[in-house]
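The values are calculated or read from the model by the stated rules, or taken from the named source; none is laboratory data. Keep in mind that what you see is a predicted model, and the values were worked out from it rather than measured. Glycine gets a Cβ as well: all are built from the backbone with ideal geometry, and neighbour counts include every protein chain shown.
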There are 2 protein chains.
Amino acid sequence: MVSEKTVERLSLYRRILQQLRVEGKETIMSHELANLLHIKPAQVRRDIMQLGYSGIPNSGYKIRPLLESIANFLDSPLPQSAVLVGVGHLGLALLANFAGRWRQLAIRAAFDKDPSKVGQTFHGCRCYPMYDLQKVIAETKSVVGILAIPGENAQSICDTLVQSGISGILNFSPLRIKVSENVFVEHVDLSATFEKVSFFARRMKHYAEEEKWKMENETTDDEYETIITKQ
Amino acid sequence: MVSEKTVERLSLYRRILQQLRVEGKETIMSHELANLLHIKPAQVRRDIMQLGYSGIPNSGYKIRPLLESIANFLDSPLPQSAVLVGVGHLGLALLANFAGRWRQLAIRAAFDKDPSKVGQTFHGCRCYPMYDLQKVIAETKSVVGILAIPGENAQSICDTLVQSGISGILNFSPLRIKVSENVFVEHVDLSATFEKVSFFARRMKHYAEEEKWKMENETTDDEYETIITKQ
DNA sequence: GTATAATTGTGAATTCTTGAACAAATTATA
DNA sequence: TATAATTTGTTCAAGAATTCACAATTATAC
């Protein structure tokens, strides 16, 4: 019904709106939000439409109720828990960001196969041994699992997560895991992303240089056409 | 000409193919790659087509030359450098992954406003003060900038990066930065991603429970129709 | 009040991406 | 050597996401 992209944007709208609210702003118009995110106003209106919330023509949206609508739509009524598998560098960074309660959502437990990490607390989050996965997920009633591990065991760990009741997985491992159709997976592949940026950076540079060349050898299409037809 | 999605997938193909090659495999067929990534074979063939490389009907693709084609397409002929701004938890994790040479691509310098970090070396990468940005980018001929900072100064730092010659930005900050059209930006918003996964996890769970309910109250559409028409 | 200007909500058009399908090509096999 | 079987390259259709464009609606100015 609602698309992934819409959900992502709603999350962005919320962050911006919260900031604007503390700055004292009370209403906002679609093109303002659009400008902040560099998207088109129609997109903003469409997304907000899906919330069921209505703006006021010639006046915009009231921020406070709009925020309520977004929260209503995005957030679980009850606080929602996540578990992290893999307390490496990336895992630690994620804990630093999401271990403390963050909205209705927080990482509640971490797991690592390294015995020296088990038992420790990182950013307020306890690290358990891998064989406690099922138990701790049940205890914390977690629904989200975050994989911050190398690819090797990703699939089997993922299977354990799903068996334990996890229905959403945020996968930072390079392996594309397979899940049954009633589990949601988001792949975040930092290596691939890095490569992509590098690829397009190079292209942009080439493009810019071509443009520069064109500018310097100022020959408009019109002039060019003239040259051709004159022959 | 070539889409972002295609570039991303080519990067994934490469990683898989490299692995398969060390395992001794010499050829691969589109459906094999497709199965590993859970996409359709036609997509794989399409992507490979764009490389200009041709497979062999009834036999597949030869892995070694295919890998060469991908490298030819994705990689810069010269090693390409990136700089990282923000040596917080996330920045450190990125350095741990990408500071050493990684393919033709590496993070060559880091920057932080915290004086206690400046001068230190993290995962083999030196940390410079912010005001050295322009100089170090020029020296390292970097084309990619990675922003791993909070949103506040993201725009002004981004502007500096672009002025210094950066043409690709990987932005982990929550702010959607604005750049001229000849600069490529990729936003990776971990908070929004986390929220998205949480949202769909909840939905999947609901969906699964509905399905379960349907199963338990076993009434097929046919039976239902029968009941109706019998009345 | 009335007219004007501006903004929303949304159907239609457009663009981008994916999938299905099949001819052409190639290997394997009888 | 001919036949069958299989996989590629590619066209065309389908699907998804975005953008346009405009009627409906509301605030504001006069």
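Quick rundown of the values:
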| item | result |
| --- | --- |
| Test: B:GLY119 is more than 13 Å from chain A (Cβ to nearest Cβ) and within 16 Å of DNA strand D (Cβ to nearest atom) | no |
| Residue within segment A:95-118 that is on the phi > 0 side of the Ramachandran plot, assigned by TED's automatic domain parsing to the domain that holds A:VAL136, of a type in the set (Lys, Arg) and at pLDDT below 95 present | yes |
| Counted residues, segment B:21-39 - those being in contact with a helix residue (DSSP H, G or I) (Cβ under 7 Å, 6 or more places away or on another chain) and more than 19 Å from B:PHE73 (Cβ to Cβ) | 6 |
| Among the residues listed as B:GLY88, B:GLY60, B:GLY52, the single one being in contact with a strand residue (DSSP E or B) (Cβ under 8 Å, 6 or more places away or on another chain) and over 15 Å from A:SER191 (Cα atoms) | B:GLY60 |
| Candidates A:GLY55, A:GLY60, A:GLY88 - the one that is in the same structural domain as A:ALA106 (by TED's automatic domain parsing) and among the small types (Gly, Ala, Ser) | A:GLY88 |
| Any hit, segment A:50-67, residues being buried (at least 21 other Cβ atoms within 10 Å of the Cβ) and either within 11 Å of DNA strand C (Cβ to nearest atom) or among the polar types (S, T, N, Q) (or both) | yes |
| Pairs, first more than 9 Å from every other protein chain (Cβ to nearest Cβ) and closer than 14 Å to B:LEU66 by Cβ in segment B:33-44, second near DNA strand C (Cβ under 9 Å from one of its atoms) and not hydroxyl-bearing (Ser, Thr, Tyr), C-beta under 7 Å, six or more apart | B:VAL44/B:ALA34 |
| Lone unmet requirement of (1) more than 14 Å from chain A (Cβ to nearest Cβ); (2) within 30 Å of A:HIS123 (Cβ to Cβ) for B:GLY100 | (1) |
| Scan of segment A:128-155 for residues that are within 18 Å of A:PHE172 (Cβ to Cβ) and surrounded by fewer than 21 Cβ atoms within 10 Å (Cβ to Cβ), ordered by number | A:MET130, A:PRO150, A:GLY151, A:GLU152, A:ASN153, A:GLN155 |
| Any chance A:ARG108 is outside any loop (DSSP other than H, G, I, E, B), more than 28 Å from B:ILE177 (Cβ to Cβ), in contact with a helix residue (DSSP H, G or I) (Cβ under 8 Å, 6 or more places away or on another chain) and more than 13 Å from DNA strand D (Cβ to nearest atom) | yes |
| Residue check for B:SER3: away from DNA strand D (no atom under 12 Å from the Cβ), on the phi < 0 side of the Ramachandran plot and within 14 Å of chain A (Cβ to nearest Cβ) | no |
| Criterion (under 30 Å from B:THR140 (Cα atoms) and more than 9 Å from DNA strand D (Cβ to nearest atom)) met by exactly one of B:VAL87, B:VAL22 | B:VAL87 |
| Test: B:ILE169 is surrounded by 14 or more Cβ atoms within 10 Å (Cβ to Cβ), outside any loop (DSSP other than H, G, I, E, B) and at negative phi | yes |
| Test: residue in segment B:33-44 that is surrounded by 16 or more Cβ atoms within 10 Å (Cβ to Cβ) and away from DNA strand D (no atom under 16 Å from the Cβ) | no |
| Selected residue (criterion: nearest to DNA strand C (Cβ to nearest atom)) from residues of segment B:1-44 that are among the small types (Gly, Ala, Ser) and within 21 Å of B:ILE56 (Cβ to Cβ) | B:ALA42 |
